[in-house]
Structures are given as C-alpha cells and as structure tokens.
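Since every read-out is calculated from the coordinates, none of them should be taken as a lab result. Values in this document were obtained by computation on a predicted structure and should not be read as measured data. Note that we place each Cβ from the backbone using ideal geometry, even for glycine, and neighbour counts take in every protein chain shown.
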Protein chains: 2
Amino acid sequence: MNRTAAEPAAIALPRKASREHRRQQLIDATIESLARRGYAQTTMTDVAVTAGVSHGLVNFHFDTKEKLLTETLLYLAEEYRDNWLAALAAAPADPAAQLDALIVADFNERICTPSKLVAWCAFWAEAQSRPIYQEKCGANDLAYIRNLEEICARLVAAGNYRHSPQRVARVLRVTAEGTWLDLLSMIEPYSRDEALRTVYACAAAFFPDHFDEAGLRKPSVDN
Amino acid sequence: MNRTAAEPAAIALPRKASREHRRQQLIDATIESLARRGYAQTTMTDVAVTAGVSHGLVNFHFDTKEKLLTETLLYLAEEYRDNWLAALAAAPADPAAQLDALIVADFNERICTPSKLVAWCAFWAEAQSRPIYQEKCGANDLAYIRNLEEICARLVAAGNYRHSPQRVARVLRVTAEGTWLDLLSMIEPYSRDEALRTVYACAAAFFPDHFDEAGLRKPSVDN
DNA sequence: TGATTTTGATTGACTTGTCAATCAAAACGA
DNA sequence: TCGTTTTGATTGACAAGTCAATCAAAATCA
C-alpha cells in the first residue's frame, strides 16, 4: 500500500532488466515449472512466481500461454542445435572425432539437465496434437540427422565396416534419445557420465576399431 | 471407432460384464484422447464423448480424473508386462531366441500403436511430478530389466562375447525405447517393421554370430 | 409364469473452483 | 514530461466433481 519502502533484500532484479533478459528469465522459469509441476499443471501464475514477477508481466511479454510455450520449445531447440553445431566445428575433421563430438555434445551439462529433459519429454508428448511443436521436436532436426548420417558414412568407408550408414546413424541417434529418456524415468537415476558410456558402448559395437566403452580410441587407426 | 451414436442397439451385456466392459471402454477412450488432444487438453467430457456416454458416467466409474489416468497407466503397464512375459514363455529356452522374443514383443501390433506410444510419452513427462506414475513407467519395470540382463549374460557366455552384459542390456533397452520415441516424433513415420530392423541392427552389432539386421540367425551357432 | 421390489447404471443440470487474459493504475526511466 | 514496464484486481470461460432423477436389468415373490 505504501511507497514500496520495505523491500526485504529483494535480490536485485533490476527493474529495467533488458527486454531480452526478462524474456529469457521467463523462459527459464517455464522450463523449471514444466519439470516441477508437469505440463498440465504449469500455469502462468506458476511461471511468474518462479521468475519472481507478477503474472500480468508474463502476458505482457508473451501475449498468450501458447506463445510462451512455443517460444520455450524454440529456445530449447535452438540451444540444442547451437550446441551440436559448435561441437562439430570444434572437433577435428576425421569422422570418428566428429562422431565423438556429436555424442559428447548430447550429454553436455548445459543441455542434459534434469529440468530440460523433462521439458523435452513434455513437448514430445504434446507434439502429436500440436503441429507447431511437432516440427521443432528433436527427431525432426533434419540437419542433425543428415550430418550424423554423413559422418557415419565416412566412418564406415574409412574403417571398412559393412554397416548401412543410415541404419547405424539411426541406432546411435535413438540410443542417445533413449538414454535421455532413461535418465529421466529411472527412479534411481545414473550419472551423465554413465549415460555417455552407454552410448559409447553402442558406438564401440558398430565401430570397434574407433571406439571402446570409454570413448574415442586414442591412436587413430585410419590416419 | 464405434459410430452408431444414435441407436447403438448394443448387444445387452450382463451387468457384471457390462461394468468391466464399460471401464475398459473408458480407458480406451482415455488413451485415444491423450493421443488426439494431449495430456493437458484431455478433459473428462472429452473422454466421455469419445466413449459415447455422458461425463457423469466417467465419474461414476472412476471417481476422479486422477484415478482415471492412473488406471489407464496401470492398464498400459500391465498390458506391456503381459506381452513380454507371454513372449518369453512361448520362446525356446536358448538366450538368443529369448532375446529375439523380447525384441519382437516390443513392436507387437497390439502394444506399439501410435495412440499408445503417445499415451506412454505423456505419462513419462508427467511422471516426474507424480510419484504414482513414476513407479509404473517403463524404465522401472525391474522384472523386465533383470530378465533382459540375465538373457544378455547367458548370450555373452554362450557366444564368448566380451561385452558387459548389463551395459549391453541397457543399450538394447534404450534403443528400443528410443525407437518408440522416434516412431512417434518423426513427421514421416516409418513402419513397425523398419523400427524392428533398427533394433536388430543394434543386436547384430553386439551379437554378430546370433543376429543380423533381419533378426535372429537361423542356424544356431552354439548348439 | 407374471407382478413386485431391489439394485445398479446412466443422465444432465448445477456448484465450485481454477486459470488465462484484460485493464486501469502505479512505478520507473529517459 | 512521455513512453515503457510492472502490478494486481477483475472478468469470463471452462472443467471437475456432485447429485437428484430416470431407467433397465436382476432378484424375489405369488
């Protein structure tokens, strides 16, 4: 009622946090709320409280709940994409190293957090009934799939393996996705590191000269 | 699927059968609604309309929405469990045949329908915030995991493979789960048969003497 | 057998609560 | 000052759950 005198140690949310910053803050709150309360129970008020602002503000920045959720998925998809693109760019050009980079990228600590896994899963489930979600959901990142297939093809050729590159690519991809799901479903969750070793075991089964269960073999065979 | 909204002329079932039949009918409607509208948009009225009855009846049979959804998950979990148990029982005792049976069972046409996949995914996402769901969700069917590990251990021993049975079991399990997810996420979905071949490719990579991409090798090597 | 009572299934109007969205006013920065 | 950001009371829509009334099948009786 009175002039906002007593603000108890409000952890300085600068009022004029830049527009972008506030939007990001609300998106983060949405992810957290999706994880904590589930898709069905996530309300605008809930998101606002998590972000420490009033609910009216969420509508001010995102107009509708629908848009808030869509933007959140968009953010996750972009973050995921940026992550693997950067990993590929930073890795040596040989196919084994590139494959290794893609695998490691999936279990990056920024990407593979419990909250984000749950959020992804919520969107996957919802995607069936919402075309807007569908095209942004993981398995439809065509560029990713193409890259992975290309890398597998080069690795198959380089190592004289006899697999179908496309099928190997799909197995590796669904193994990583399945491991994500496993990480979030398990009552007693295992570490990201153990998850990574699971995918490496799969890579090692297909490309024994280039991978073992600990990851990329050090002495590269084909150079 | 049941049109005939106006004059159902339903074959009058005896009371007891009718009760069970109606409950099952409502559970089926719930799965369908979850798939068609998503978890968040699935209302009691929606389920009732799908089943062709009034919404009051849903409450009569299930008391609360919560209970309806829990019972639906329970039904899915039981159906899944019965399916792999039956498959194991019907298969020859040797480990390769048992593993083959488990793999095929996952892509059974009763289990692996688009609607049921979406429903599973919805429950996975929701499970994080609902302990009741969590314990019934796929990755926590301990009996299944134990069986799969045991079979892998026997197959590793029989074939003189050098893998860790537990890790192979996990890879096979998450590959199957990931393929499920892939089936429902893909804009251009592939067939159950192609899905099956994907998992076979994984099995073949680990157990090349016993599996190839088409499935279980006919002439058993170790007898 | 036919007439009756009892039980259980089903309906749809109603109550109650929740939530997205709106809006006027306040706070703030330039 | 003016424009932007933020608040919180309010609105209106909608969904879950309740309940009295209806109806049909089953049980009981004559």
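With label points set 7 Å from Cα along Cα→Cβ, the inter-copy distances at residue A:115 are 3.7 nm, sorted shortest first. Shape summary: the range A:17-63 maps onto an equivalent ellipsoid whose semi-axes, from the alpha-carbon gyration tensor, are 17, 11, 8 Å in decreasing order. From the largest down, chain B spans 62, 38, 34 angstrom on the principal axes of its Cα atoms. List the distances, in nm and shortest first, from the label point of residue A:157 to the matching label points in every other copy, placing each point 7 Å from Cα along the Cα-to-Cβ direction. Label point to label point, same position, other copies: 4.5 nm.
Inter-label distance, residue A:78 to residue B:157: 5.5 nm, where each label sits 7 Å from its Cα along the C-beta direction. Farthest towards the positive end of the charge dipole of chain A, among the residues A:108, A:215, A:200, is the Cα of A:108, using unit charges on the Cβ of Lys, Arg, Asp and Glu. Farthest toward the positive end of the dipole of the range A:117-199, out of A:124, A:166, A:184, is the Cα of A:166, where the dipole comes from beta carbon charges about the Cα centre. Between identical copies, the spacing of residue A:19 label points, each set 7 Å from Cα toward the C-beta atom, reads 6.2 nm from nearest to farthest.
A DSSP coil position with no more than 15 other Cβ atoms inside 10 Å describes the following trypsin sites (Lys or Arg not before Pro) in the range A:70-135: A:110.
Loop-resident trypsin sites (Lys or Arg not before Pro) (DSSP state other than H, G, I, E or B) in the range B:150-187 with no more than 14 further Cβ atoms inside 10 Å of their Cβ: B:162.
The range A:165-212 and the range A:61-128 have their alpha-carbon centroids 16 Å apart. Within the range B:77-180, the GluC sites (Glu not before Pro) that combine a DSSP coil assignment with at most 16 other C-beta atoms in a 10 angstrom radius are B:109, B:135.
Please give the net charge around residue A:166, taking every other residue with its beta carbon less than 15 angstrom from that of residue A:166, where Lys and Arg add +1 and Asp and Glu add -1. So the surrounding residues net to +1.
Across the range B:70-216, the relative contact order, built from alpha-carbon pairs under 8 Å that are at least six residues apart, equals 24 percent. Remark: for residue pairs A:65/B:136; B:116/B:136; A:136/B:65, the C-alpha separation exceeds 26 Å in A:65/B:136; A:136/B:65.
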